[in-house]
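So the structure is just underneath, and the comments pick up after that.
The values are calculated or read from the model by the stated rules, or taken from the named source; none is laboratory data. Computed from a predicted model, the values in this text were never measured in an experiment. Virtual Cβ from ideal backbone geometry, glycine too; neighbours counted across all protein chains shown. These area figures cover heavy atoms from the full protein model, side chains too; ligands, DNA and RNA do not enter into them. Shrake-Rupley method; radii C 1.70, N 1.55, O 1.52, S 1.80 Å.
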Amino acid sequence: MVLAGVRGSQVSSDMAQTSVIDNAALQGLIDALTVQGYAVLAPVVRDGAIGLEPISGLGDLPRGWSDVQAPGHYRLEQGRCDPDALFATTVGPQSWKRFLHPPREVLWTAQRQSDGGFTVAPGAADAAVDHPGSESPRQAFLGVRACELHAIAIQDRVFADGPFADAGYAARRAATFVIAVQCGQAADTCFCAAMRTGPAAVAGFDLALTEFPERGEFLAAAGSARGAALLAGVARRAATEADCAAAQAAVARAAAMQTRAIDTTRIRERLQAQPQHPQWEAVGERCLTCGNCTMVCPTCFCTAVSDGSDLAGETAWRVREWDSCFTLSFSHLHGGSVRRSNAARYRQWMTHKLANWVDQFGTSGCVGCGRCITWCPVGIDITEVAGAFTAPEDA
Ligand code: SF4
Ligand code: SF4
(Lines give C-alpha, C1' and ligand atoms only; values in the text may rest on other atoms or scores of the structure.)
(Ligands and ions follow the chains in the order given, each with its own letter.)
Protein backbone atom coordinates (compact mmCIF):
# COMPACT_ATOMS: atom_id res chain seq x y z
CA MET A 1 0.00 0.00 0.00
CA VAL A 2 1.40 3.39 -0.97
CA LEU A 3 0.06 6.48 0.70
CA ALA A 4 0.51 9.90 -0.87
CA GLY A 5 3.41 11.68 0.75
CA VAL A 6 4.24 8.86 3.13
CA ARG A 7 5.95 6.22 1.02
CA GLY A 8 8.39 4.63 3.46
CA SER A 9 11.73 4.78 1.71
CA GLN A 10 10.58 7.54 -0.60
CA VAL A 11 9.60 9.85 2.20
CA SER A 12 12.50 12.18 1.64
CA SER A 13 11.67 12.70 -2.05
CA ASP A 14 8.11 13.66 -1.07
CA MET A 15 9.16 15.63 1.97
CA ALA A 16 9.07 18.98 0.22
CA GLN A 17 5.35 18.46 -0.33
CA THR A 18 4.65 16.74 3.02
CA SER A 19 4.18 18.69 6.23
CA VAL A 20 2.63 18.41 9.63
CA ILE A 21 -0.02 20.97 10.55
CA ASP A 22 -2.09 21.40 13.70
CA ASN A 23 -5.78 22.09 14.18
CA ALA A 24 -5.20 25.86 14.07
CA ALA A 25 -3.52 25.50 10.68
CA LEU A 26 -6.43 23.39 9.41
CA GLN A 27 -8.71 26.25 10.42
CA GLY A 28 -6.29 28.51 8.50
CA LEU A 29 -6.78 26.37 5.38
CA ILE A 30 -10.55 26.67 5.73
CA ASP A 31 -10.28 30.43 6.20
CA ALA A 32 -7.98 30.81 3.19
CA LEU A 33 -10.35 28.82 0.97
CA THR A 34 -13.26 30.94 2.19
CA VAL A 35 -11.39 34.14 1.36
CA GLN A 36 -10.77 32.74 -2.13
CA GLY A 37 -14.53 32.36 -2.55
CA TYR A 38 -14.90 28.65 -1.90
CA ALA A 39 -17.86 27.21 -0.01
CA VAL A 40 -16.12 24.68 2.23
CA LEU A 41 -18.23 21.51 2.44
CA ALA A 42 -17.45 18.90 5.06
CA PRO A 43 -18.93 16.15 7.24
CA VAL A 44 -21.32 17.38 9.93
CA VAL A 45 -23.69 15.64 12.32
CA ARG A 46 -27.19 16.08 10.94
CA ASP A 47 -30.33 14.20 11.99
CA GLY A 48 -28.40 11.38 13.62
CA ALA A 49 -26.14 10.74 10.64
CA ILE A 50 -23.16 12.29 8.89
CA GLY A 51 -24.21 14.84 6.28
CA LEU A 52 -22.13 17.01 3.97
CA GLU A 53 -22.74 20.72 4.42
CA PRO A 54 -21.03 24.13 4.28
CA ILE A 55 -18.89 24.78 7.35
CA SER A 56 -17.08 27.82 8.66
CA GLY A 57 -14.71 26.12 11.07
CA LEU A 58 -13.54 23.09 12.97
CA GLY A 59 -16.42 23.53 15.43
CA ASP A 60 -18.80 22.30 12.74
CA LEU A 61 -16.96 18.98 12.27
CA PRO A 62 -18.13 15.78 14.05
CA ARG A 63 -15.59 15.98 16.89
CA GLY A 64 -15.56 12.78 18.96
CA TRP A 65 -18.20 11.00 16.87
CA SER A 66 -17.75 7.66 15.18
CA ASP A 67 -20.19 5.48 13.27
CA VAL A 68 -21.40 1.92 13.62
CA GLN A 69 -22.53 0.40 10.35
CA ALA A 70 -23.86 -3.03 9.39
CA PRO A 71 -26.34 -4.31 6.78
CA GLY A 72 -29.47 -2.18 7.25
CA HIS A 73 -27.98 -0.49 10.31
CA TYR A 74 -26.33 2.91 11.02
CA ARG A 75 -25.66 4.66 14.31
CA LEU A 76 -23.52 7.59 15.38
CA GLU A 77 -21.89 7.10 18.76
CA GLN A 78 -19.52 8.97 21.05
CA GLY A 79 -16.94 7.41 23.36
CA ARG A 80 -15.61 4.91 20.80
CA CYS A 81 -12.79 7.08 19.42
CA ASP A 82 -10.43 9.80 20.59
CA PRO A 83 -12.70 12.57 21.95
CA ASP A 84 -10.80 15.15 19.88
CA ALA A 85 -10.94 13.22 16.60
CA LEU A 86 -12.52 15.31 13.84
CA PHE A 87 -12.67 12.63 11.14
CA ALA A 88 -13.36 9.36 12.99
CA THR A 89 -16.55 8.67 11.04
CA THR A 90 -16.47 6.86 7.70
CA VAL A 91 -18.85 7.49 4.82
CA GLY A 92 -22.41 8.61 5.56
CA PRO A 93 -25.58 8.37 3.47
CA GLN A 94 -24.65 11.37 1.34
CA SER A 95 -21.78 11.37 -1.12
CA TRP A 96 -20.00 14.23 -2.86
CA LYS A 97 -21.98 13.28 -5.97
CA ARG A 98 -24.77 15.62 -4.88
CA PHE A 99 -22.50 18.64 -5.33
CA LEU A 100 -21.20 17.64 -8.78
CA HIS A 101 -24.25 15.82 -10.19
CA PRO A 102 -27.09 17.49 -8.22
CA PRO A 103 -30.25 15.53 -7.33
CA ARG A 104 -32.35 18.12 -9.15
CA GLU A 105 -31.32 20.48 -11.91
CA VAL A 106 -33.45 22.85 -13.98
CA LEU A 107 -32.14 22.46 -17.52
CA TRP A 108 -34.00 25.46 -18.93
CA THR A 109 -36.99 27.70 -18.37
CA ALA A 110 -39.16 29.39 -21.00
CA GLN A 111 -41.11 32.59 -20.36
CA ARG A 112 -44.00 33.80 -22.52
CA GLN A 113 -43.53 37.36 -23.80
CA SER A 114 -46.17 40.06 -24.39
CA ASP A 115 -45.69 39.83 -28.18
CA GLY A 116 -46.74 36.15 -28.10
CA GLY A 117 -43.24 34.80 -28.38
CA PHE A 118 -41.15 33.36 -25.57
CA THR A 119 -37.63 33.53 -24.24
CA VAL A 120 -35.58 30.57 -23.05
CA ALA A 121 -33.06 30.85 -20.24
CA PRO A 122 -30.58 28.21 -19.08
CA GLY A 123 -31.39 26.58 -15.77
CA ALA A 124 -29.20 25.82 -12.79
CA ALA A 125 -28.75 23.26 -10.06
CA ASP A 126 -31.33 23.67 -7.32
CA ALA A 127 -29.35 25.84 -4.89
CA ALA A 128 -31.41 24.73 -1.92
CA VAL A 129 -30.29 21.17 -2.54
CA ASP A 130 -26.92 21.80 -4.11
CA HIS A 131 -25.32 24.26 -1.70
CA PRO A 132 -27.68 24.84 1.17
CA GLY A 133 -26.81 28.21 2.65
CA SER A 134 -24.30 29.10 -0.03
CA GLU A 135 -24.43 30.79 -3.42
CA SER A 136 -20.75 30.22 -4.19
CA PRO A 137 -19.97 28.38 -7.44
CA ARG A 138 -16.54 27.51 -6.01
CA GLN A 139 -16.64 24.54 -3.67
CA ALA A 140 -14.00 22.87 -1.51
CA PHE A 141 -14.65 19.30 -0.37
CA LEU A 142 -13.03 18.63 3.01
CA GLY A 143 -12.88 15.02 4.20
CA VAL A 144 -13.06 13.07 0.93
CA ARG A 145 -12.20 9.41 1.44
CA ALA A 146 -10.17 7.26 -0.97
CA CYS A 147 -13.23 5.37 -2.24
CA GLU A 148 -14.94 8.69 -2.92
CA LEU A 149 -11.97 9.99 -4.91
CA HIS A 150 -12.40 6.93 -7.11
CA ALA A 151 -16.15 7.54 -7.33
CA ILE A 152 -15.52 11.12 -8.47
CA ALA A 153 -13.04 9.83 -11.05
CA ILE A 154 -15.68 7.38 -12.31
CA GLN A 155 -18.26 10.14 -12.62
CA ASP A 156 -15.66 12.23 -14.43
CA ARG A 157 -15.46 9.48 -17.04
CA VAL A 158 -19.24 9.51 -17.39
CA PHE A 159 -19.92 13.24 -17.38
CA ALA A 160 -16.70 14.96 -18.38
CA ASP A 161 -15.43 12.64 -21.08
CA GLY A 162 -18.09 10.07 -21.93
CA PRO A 163 -21.17 9.91 -24.15
CA PHE A 164 -23.14 11.73 -21.43
CA ALA A 165 -20.68 14.67 -21.27
CA ASP A 166 -22.37 17.45 -19.34
CA ALA A 167 -21.29 21.10 -19.34
CA GLY A 168 -22.81 21.76 -15.92
CA TYR A 169 -20.89 18.87 -14.38
CA ALA A 170 -17.65 19.96 -16.03
CA ALA A 171 -18.07 23.53 -14.71
CA ARG A 172 -18.79 22.36 -11.16
CA ARG A 173 -15.88 19.92 -11.29
CA ALA A 174 -13.48 22.63 -12.47
CA ALA A 175 -14.59 24.83 -9.56
CA THR A 176 -13.93 22.10 -6.97
CA PHE A 177 -10.96 21.95 -4.59
CA VAL A 178 -10.50 18.52 -2.99
CA ILE A 179 -9.04 17.83 0.46
CA ALA A 180 -8.86 14.10 1.09
CA VAL A 181 -8.67 12.60 4.56
CA GLN A 182 -7.02 9.20 4.88
CA CYS A 183 -9.09 6.57 6.67
CA GLY A 184 -7.80 5.45 10.05
CA GLN A 185 -10.75 3.14 10.53
CA ALA A 186 -13.21 1.20 8.38
CA ALA A 187 -16.90 0.52 8.87
CA ASP A 188 -18.13 -3.06 8.96
CA THR A 189 -19.63 -2.48 5.50
CA CYS A 190 -16.48 -1.08 3.82
CA PHE A 191 -14.72 -3.19 1.18
CA CYS A 192 -12.57 -0.67 -0.68
CA ALA A 193 -9.45 -2.78 -0.19
CA ALA A 194 -10.97 -5.59 -2.26
CA MET A 195 -12.01 -3.13 -4.97
CA ARG A 196 -8.53 -1.57 -4.92
CA THR A 197 -9.99 1.89 -4.36
CA GLY A 198 -8.65 2.42 -0.82
CA PRO A 199 -8.24 2.92 2.02
CA ALA A 200 -5.12 4.88 0.94
CA ALA A 201 -5.86 8.05 -1.06
CA VAL A 202 -3.13 8.18 -3.70
CA ALA A 203 -4.41 10.58 -6.38
CA GLY A 204 -7.25 12.89 -7.33
CA PHE A 205 -6.86 15.45 -4.52
CA ASP A 206 -5.32 18.87 -4.01
CA LEU A 207 -4.39 18.07 -0.42
CA ALA A 208 -4.47 14.84 1.59
CA LEU A 209 -4.58 14.81 5.38
CA THR A 210 -3.94 12.01 7.83
CA GLU A 211 -5.31 12.81 11.27
CA PHE A 212 -3.34 12.23 14.48
CA PRO A 213 -6.18 13.02 16.90
CA GLU A 214 -4.19 12.26 20.04
CA ARG A 215 -1.92 15.22 19.31
CA GLY A 216 -4.28 17.47 17.35
CA GLU A 217 -2.17 17.28 14.20
CA PHE A 218 -2.37 16.14 10.59
CA LEU A 219 0.14 14.91 8.08
CA ALA A 220 -0.57 17.06 5.03
CA ALA A 221 0.50 16.07 1.51
CA ALA A 222 -0.03 18.29 -1.50
CA GLY A 223 -1.38 16.61 -4.62
CA SER A 224 -1.46 19.65 -6.90
CA ALA A 225 0.20 23.03 -7.34
CA ARG A 226 -2.80 24.83 -5.89
CA GLY A 227 -2.79 22.42 -2.94
CA ALA A 228 0.89 23.16 -2.32
CA ALA A 229 0.21 26.90 -2.56
CA LEU A 230 -2.61 26.68 -0.01
CA LEU A 231 -0.48 24.60 2.35
CA ALA A 232 2.39 27.09 2.07
CA GLY A 233 0.15 29.77 3.56
CA VAL A 234 -0.30 28.14 6.99
CA ALA A 235 2.03 27.32 9.87
CA ARG A 236 3.59 23.88 9.41
CA ARG A 237 6.67 21.84 10.03
CA ALA A 238 8.44 19.30 7.87
CA ALA A 239 7.20 15.75 8.33
CA THR A 240 9.58 13.27 9.92
CA GLU A 241 10.02 9.60 9.12
CA ALA A 242 8.06 8.85 12.30
CA ASP A 243 5.13 11.05 11.19
CA CYS A 244 4.98 9.27 7.86
CA ALA A 245 5.22 5.84 9.48
CA ALA A 246 2.36 6.73 11.84
CA ALA A 247 0.21 7.81 8.89
CA GLN A 248 1.03 4.61 7.04
CA ALA A 249 0.08 2.57 10.11
CA ALA A 250 -3.27 4.35 10.43
CA VAL A 251 -4.26 3.45 6.89
CA ALA A 252 -2.98 -0.10 7.27
CA ARG A 253 -5.23 -0.41 10.32
CA ALA A 254 -8.25 0.65 8.23
CA ALA A 255 -7.39 -1.96 5.59
CA ALA A 256 -6.99 -4.69 8.21
CA MET A 257 -10.44 -3.90 9.66
CA GLN A 258 -12.22 -4.83 6.43
CA THR A 259 -13.93 -8.21 6.43
CA ARG A 260 -16.10 -7.96 3.32
CA ALA A 261 -14.89 -8.40 -0.25
CA ILE A 262 -15.97 -9.07 -3.79
CA ASP A 263 -13.75 -11.43 -5.75
CA THR A 264 -13.45 -9.36 -8.90
CA THR A 265 -11.66 -12.10 -10.84
CA ARG A 266 -13.72 -12.49 -14.02
CA ILE A 267 -16.74 -11.06 -12.16
CA ARG A 268 -17.83 -9.44 -15.40
CA GLU A 269 -17.91 -12.78 -17.22
CA ARG A 270 -19.51 -14.57 -14.27
CA LEU A 271 -22.43 -12.18 -14.06
CA GLN A 272 -23.01 -11.74 -17.76
CA ALA A 273 -23.02 -15.53 -18.31
CA GLN A 274 -25.60 -16.32 -15.61
CA PRO A 275 -28.75 -14.22 -16.10
CA GLN A 276 -30.91 -17.15 -14.94
CA HIS A 277 -28.90 -17.91 -11.79
CA PRO A 278 -31.28 -18.72 -8.85
CA GLN A 279 -29.56 -16.03 -6.75
CA TRP A 280 -31.45 -13.35 -8.70
CA GLU A 281 -34.82 -14.77 -7.64
CA ALA A 282 -33.61 -15.22 -4.06
CA VAL A 283 -32.51 -11.61 -3.75
CA GLY A 284 -35.64 -10.45 -5.62
CA GLU A 285 -37.79 -11.99 -2.89
CA ARG A 286 -36.08 -9.78 -0.29
CA CYS A 287 -35.64 -6.57 -2.32
CA LEU A 288 -38.29 -3.89 -1.75
CA THR A 289 -37.24 -2.01 -4.93
CA CYS A 290 -37.08 1.13 -2.80
CA GLY A 291 -34.07 2.49 -4.71
CA ASN A 292 -32.13 3.44 -1.58
CA CYS A 293 -29.04 1.67 -2.89
CA THR A 294 -28.98 3.79 -6.04
CA MET A 295 -29.63 7.05 -4.17
CA VAL A 296 -26.73 6.55 -1.75
CA CYS A 297 -24.32 5.11 -4.31
CA PRO A 298 -21.59 7.63 -5.20
CA THR A 299 -21.35 6.40 -8.80
CA CYS A 300 -24.98 5.77 -9.86
CA PHE A 301 -25.80 8.50 -12.34
CA CYS A 302 -29.17 7.73 -13.92
CA THR A 303 -31.67 10.56 -14.25
CA ALA A 304 -35.16 11.24 -15.55
CA VAL A 305 -36.17 14.39 -17.40
CA SER A 306 -39.61 15.94 -17.00
CA ASP A 307 -41.31 19.05 -18.34
CA GLY A 308 -43.70 21.32 -16.48
CA SER A 309 -45.48 24.64 -16.68
CA ASP A 310 -47.42 26.97 -14.42
CA LEU A 311 -51.24 26.96 -14.49
CA ALA A 312 -51.37 30.16 -16.52
CA GLY A 313 -49.08 28.77 -19.16
CA GLU A 314 -46.70 31.70 -18.77
CA THR A 315 -43.63 29.76 -17.68
CA ALA A 316 -42.41 26.31 -18.64
CA TRP A 317 -39.38 24.35 -17.51
CA ARG A 318 -37.43 21.15 -18.03
CA VAL A 319 -36.04 19.45 -14.94
CA ARG A 320 -33.55 16.61 -14.59
CA GLU A 321 -33.70 14.56 -11.38
CA TRP A 322 -31.94 11.46 -10.06
CA ASP A 323 -33.80 8.33 -11.03
CA SER A 324 -33.36 4.69 -10.06
CA CYS A 325 -33.29 1.50 -12.13
CA PHE A 326 -35.34 -0.05 -9.30
CA THR A 327 -38.51 1.80 -10.36
CA LEU A 328 -40.94 0.23 -12.81
CA SER A 329 -41.10 3.42 -14.83
CA PHE A 330 -37.34 3.49 -15.40
CA SER A 331 -37.56 0.70 -17.99
CA HIS A 332 -40.97 1.65 -19.36
CA LEU A 333 -40.95 1.25 -23.11
CA HIS A 334 -43.91 1.03 -25.48
CA GLY A 335 -46.38 -1.34 -23.81
CA GLY A 336 -44.90 -1.30 -20.31
CA SER A 337 -41.82 -1.96 -18.24
CA VAL A 338 -39.31 -4.46 -19.57
CA ARG A 339 -38.07 -5.25 -16.05
CA ARG A 340 -41.24 -6.10 -14.18
CA SER A 341 -39.88 -8.35 -11.43
CA ASN A 342 -37.80 -7.32 -8.43
CA ALA A 343 -35.24 -9.94 -9.46
CA ALA A 344 -34.89 -8.44 -12.94
CA ARG A 345 -34.34 -4.96 -11.50
CA TYR A 346 -31.78 -6.07 -8.94
CA ARG A 347 -30.00 -8.06 -11.68
CA GLN A 348 -29.94 -4.99 -13.89
CA TRP A 349 -28.44 -2.85 -11.13
CA MET A 350 -25.76 -5.22 -9.92
CA THR A 351 -24.79 -6.52 -13.35
CA HIS A 352 -24.44 -2.96 -14.61
CA LYS A 353 -22.45 -1.94 -11.54
CA LEU A 354 -19.98 -4.82 -11.54
CA ALA A 355 -19.92 -6.01 -15.16
CA ASN A 356 -21.48 -3.91 -17.91
CA TRP A 357 -19.92 -0.73 -16.48
CA VAL A 358 -16.55 -2.19 -17.45
CA ASP A 359 -17.71 -2.44 -21.08
CA GLN A 360 -19.01 1.12 -21.04
CA PHE A 361 -16.37 2.98 -19.05
CA GLY A 362 -13.41 0.64 -18.63
CA THR A 363 -13.81 0.38 -14.86
CA SER A 364 -16.04 -1.20 -12.26
CA GLY A 365 -18.98 0.94 -11.20
CA CYS A 366 -18.44 -0.03 -7.56
CA VAL A 367 -15.80 1.51 -5.31
CA GLY A 368 -16.59 -0.59 -2.22
CA CYS A 369 -17.94 2.25 -0.07
CA GLY A 370 -20.55 -0.07 1.45
CA ARG A 371 -23.36 2.53 1.46
CA CYS A 372 -25.79 0.27 -0.42
CA ILE A 373 -25.32 -2.38 2.29
CA THR A 374 -25.83 -0.01 5.21
CA TRP A 375 -28.80 1.85 3.77
CA CYS A 376 -30.69 -1.11 2.34
CA PRO A 377 -33.70 -1.39 4.67
CA VAL A 378 -33.60 -5.19 4.47
CA GLY A 379 -29.82 -5.44 4.66
CA ILE A 380 -29.10 -6.88 1.21
CA ASP A 381 -25.31 -7.12 0.89
CA ILE A 382 -23.83 -6.74 -2.60
CA THR A 383 -20.71 -8.66 -1.55
CA GLU A 384 -22.82 -11.61 -0.43
CA VAL A 385 -24.96 -11.57 -3.59
CA ALA A 386 -21.92 -11.32 -5.85
CA GLY A 387 -20.25 -14.16 -3.95
CA ALA A 388 -22.89 -16.58 -5.23
CA PHE A 389 -21.76 -16.15 -8.81
CA THR A 390 -19.00 -18.69 -8.83
CA ALA A 391 -18.25 -19.85 -12.34
CA PRO A 392 -18.72 -23.62 -12.83
CA GLU A 393 -14.99 -24.10 -13.29
CA ASP A 394 -14.34 -22.23 -9.99
CA ALA A 395 -16.62 -24.43 -7.90
S1 SF4 B 1 -31.43 -3.78 -2.73
FE2 SF4 B 1 -32.19 -2.87 -0.78
S3 SF4 B 1 -31.86 -0.65 -1.04
FE4 SF4 B 1 -31.73 -1.55 -3.08
S5 SF4 B 1 -33.84 -1.40 -3.90
FE6 SF4 B 1 -33.67 -3.45 -2.93
S7 SF4 B 1 -34.44 -3.14 -0.82
FE8 SF4 B 1 -33.99 -1.07 -1.65
S1 SF4 C 1 -22.54 -0.35 -5.36
FE2 SF4 C 1 -22.68 -0.07 -3.12
S3 SF4 C 1 -20.59 -0.40 -2.34
FE4 SF4 C 1 -20.44 -0.10 -4.56
S5 SF4 C 1 -20.02 2.11 -4.82
FE6 SF4 C 1 -22.27 1.86 -4.95
S7 SF4 C 1 -23.04 2.15 -2.85
FE8 SF4 C 1 -20.79 1.84 -2.72
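Near the amide H of THR303, within less than 5 Å, lie the amide hydrogens of ASP323, all on another chain or at least 5 residues away, with H placed in the peptide plane.
Net charge near CYS372, counting Lys/Arg +1 and Asp/Glu -1 over other residues with Cβ under 10 Å of its Cβ? Working shown, then result.
Numbers: positive: LYS353, ARG371; negative: ASP381.
Around CYS372, the charge tally is +1.
Across q = 0.09 Å⁻¹, the range 242-395 modelled as identical point scatterers on its alpha-carbon atoms has Debye log10 I(q)/I(0) values of -0.39, in the order of the q list. Working from label points 7 Å from Cα in the Cα-to-Cβ sense, the CYS302 to SER56 distance is 4.2 nm.
Summing -39500 (n - 2.57) over the DSSP H runs of n ≥ 4 in the chain and dividing by its residue number, what mean residue ellipticity at 222 nm do you reach, to the nearest 500 deg cm²/dmol? Don't jump to the answer; show the numbers that get you there.
Working: 16 runs with 117 residues, N = 395.
Result for the chain: -7500 deg cm²/dmol, rounded to the nearest 500.
Positive contributions from Lys and Arg (+1) and negative ones from Asp and Glu (-1), summed over other residues with Cβ under 15 Å from the Cβ of GLY204, come out at +2. Near the amide H of CYS183, within less than 5 Å, lie the amide hydrogens of ALA146, ALA201, all on another chain or at least 5 residues away, with H placed in the peptide plane. Go ahead and run the numbers for FRET between ARG237 and ARG196, Cβ-Cβ distance against an R0 of 56 Å, rounding to 0.05. Plugging the Cβ-Cβ distance into 1/(1 + (r/R0)^6) gives 0.95. In the chain, Rg over Rh equals 0.99, where Rg is the alpha-carbon radius of gyration and Rh the Kirkwood radius from pairwise Cα distances.
About the Cα centre, and with charges only on the beta carbon of Lys, Arg (+1) and Asp, Glu (-1), how big is the dipole of the chain? Nearest 20 debye, please.
Details: 33 positive and 40 negative charges, 111 e Å.
In total the dipole reaches around 540 debye.
Taking ARG371, ARG237, ARG98 and ordering them by how much accessible surface each has at a 1.4 Å probe, largest first, produces ARG237, ARG98, ARG371.
Here the spin labels are modelled as points 7 Å beyond Cα on the Cα-Cβ line, and at ALA165 and VAL338 they lie 2.7 nm apart.
Kindly sort ARG270, ARG46 by accessible area of their heavy atoms, largest first, with the probe set to 1.4 Å.
Highest to lowest solvent-accessible surface, that is ARG46, ARG270.
Seen from VAL44, the other residues with C-beta closer than 12 Å to its C-beta sum to a net charge of -1, counting Lys and Arg as +1 and Asp and Glu as -1.
Given the Cα-Cα distance of ARG104 and THR119 and 0.36 nm per residue of separation, how much length would full extension add, in nm?
Numbers: separation 15, 0.36 × 15 = 5.40 nm, distance 2.22 nm.
Working it through step by step, the gained length comes to 3.2 nm.
Normalising by residue count, the range 211-283 has a Cα convex hull of 202 Å³ per residue. Between THR259 and ARG112, the FRET efficiency estimated from the beta carbon spacing at R0 = 45 angstrom works out to 0.15.
Considering every alpha-carbon pair of the range 165-211, the percent of pairs per 5 Å bin, from zero through the bin containing the longest distance, is 5, 18, 20, 17, 17, 15, 7, 1. The mean sequence separation of alpha-carbon pairs under 8 Å and at least six residues apart, normalised by the residue count of the chain, gives a relative contact order of 22 percent.
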